[in-house]
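The values are calculated or read from the model by the stated rules, or taken from the named source; none is laboratory data. The shown structure was predicted, so the numbers you read here are calculated from the model rather than taken from an experiment. Because the Cβ atoms are built from the backbone with ideal geometry, glycine has one as well, and the counts that use them run over all protein chains shown.
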Amino acid sequence: MIIFSVESSCDETSCAVIRAEDSRFEILSNVVATQIETHALYGGVVPEIASRAHLEAISAVAERALSDAGITTDSIDAVAVTCAPGLIGALLVGVSFAKSLAYSIGVPLIPVNHIKAHAAAVYAENPDLEYPFYAVIVSGSHTSVYRVTGPTEFVEVGASRDDAAGEAFDKVGRRLGLAYPCGAGMDALAAEGFKNKVTLKLPSPHVKDSTDFSFSGLKTAAVNLIHNERQKLSLGDDDPLPDSLRAEIAAAFTRSVTDGISEVVRSVIAEYGPGAVILAGGVAANSHLRKALSAVAEKNSVPFVTPARDLCGDNAAMIGIQGYFEYLAGVRAGTDLNAYASEEAAEAEGVFESSAVAE
Ligand code: KG4
Ligand code: ZN
């Protein structure tokens, strides 16, 4: 079947066309229009601006997805759309667009949970992944570990109690003078730092005696450390920290993040039994985190799998892949589909239950 999918939960407007047969996927197109430059001015995503930018971009992105795939709307068998979690105004743009498209061509509309879709990106290259596996979803807005027992069956076994890891990378990166979003810059800066001995220590984001994370303490400690080092060196507002110190702080911060996430993954495997470790979400692009989790997987004799980099950040192809499994499970939406800021709010409305609306 051919699925047209739509993603607009944060600051990427994306539409994709995928062919799905027997749980095998071919990505025919995956167009992503990013708003990063617009939001960089403000150092973070401004929700109102994000919604307007989605509205401006979505029709052109959809047309491009169709033309890149070499199809017309006549070939579409179903439309999948992210309806939770995310920024409400941003989600509503994609949801309204997908509703109209599905209604006008007379095909089923499939609501998709953005977080599950991040994990589903892995099936593009690994369709035979065995269950259960552990999906470590690390992005600008989420840091959670799920035990996945089937394509639509996710149980959260660890989560951040406050900020997401990506947000912490962005905040600390900014204080180190990097351009938003700072993930890739922090990755490179930390690599420089790891070339020398890293003696600075920052707190772990792993909440003791739990499988949860807390990134706000680590974030504040890193920001305070930068502030104190600047004071010690009597730096003016526009003076940068010495390069070697910037690199060491980035490395110390990265080490805390990778050690903390590794500890949680080790403890969920110990508690719930073996399973492959899947790393997905925007922060999955981080080379140090990939290395750390791949080492944890190797120690536990389980596979480590991560989607191709272009499928790690927000994109509609992953929405189409998860949409396919939701479709098989009988999940449908009607023209009354709404957008939800949290997974819990969508679940409370029964959005992802089988046959929410009869066809
Ligand atoms: O999944 P995503 O594209 O959007 C959300 O749903 O949040 O994730 C974006 C986040 C940003 O915070 C960005 O700084 C971070 O992913 N990121 C990275 C790297 N590349 C992107 N963080 C650390 N290391 C990277 N290499
Ligand atoms: Zn995301």
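Can you give me the number of residues within the range 329-359 that are free of Cβ contacts under 8 Å to residues at least 60 places away in the same chain and outside any loop (DSSP other than H, G, I, E, B)? Within the range 329-359, residues that are free of Cβ contacts under 8 Å to residues at least 60 places away in the same chain and outside any loop (DSSP other than H, G, I, E, B) number 4.
Yes/no per residue for (1) more than 30 Å from Asp22 (Cα to Cα); (2) in contact (Cβ under 8 Å) with a residue 24 or more places away in the chain:
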position: Ile269; (1), (2): no, yes
position: Tyr272; (1), (2): no, yes
position: Ala276; (1), (2): no, yes
position: Leu289; (1), (2): yes, yes
position: Ser294; (1), (2): no, no
position: Val305; (1), (2): no, yes
position: Arg309; (1), (2): no, yes
position: Tyr327; (1), (2): no, yes
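Looking across the range 3-45, the residues that are of a type in the set (A, V, I, L, M, F, W, C) and without any contact (Cβ under 8 Å) to a residue 40 or more places away in the chain come down to Ala33, Leu41.
Only one of the numbered conditions (1) surrounded by fewer than 21 Cβ atoms within 10 Å (Cβ to Cβ); (2) in contact with a Ser or Thr (Cβ under 6 Å, 6 or more places away or on another chain); (3) under 18 Å from Val145 (Cα atoms) is not met by Ala284, and that is (1). Can you pull out every residue in the range 1-45 that is touching a strand residue (DSSP E or B) at 6+ places or on another chain (Cβ under 7 Å) and aromatic (Phe, Trp, Tyr)? Within the range 1-45, Phe4, Phe25 qualify.
Within the range 7-96, which strands (runs of 3 or more DSSP E) (wholly inside it) include 2 or more residues that are crowded, with 21+ Cβ neighbours inside 10 Å, modelled with pLDDT of 95 or more and within 16 Å of ligand 2 (Cβ to nearest atom)? Lay out the reasoning, then the answer.
Numbers: elements: 12-21, 24-34, 78-84.
Passing ranges, in order: 12-21, 78-84.
Here Glu248 fits the description: within 29 Å of the chain's Cα centre (by Cα), buried (at least 20 other Cβ atoms within 10 Å of the Cβ) and of a type in the set (Asp, Glu).
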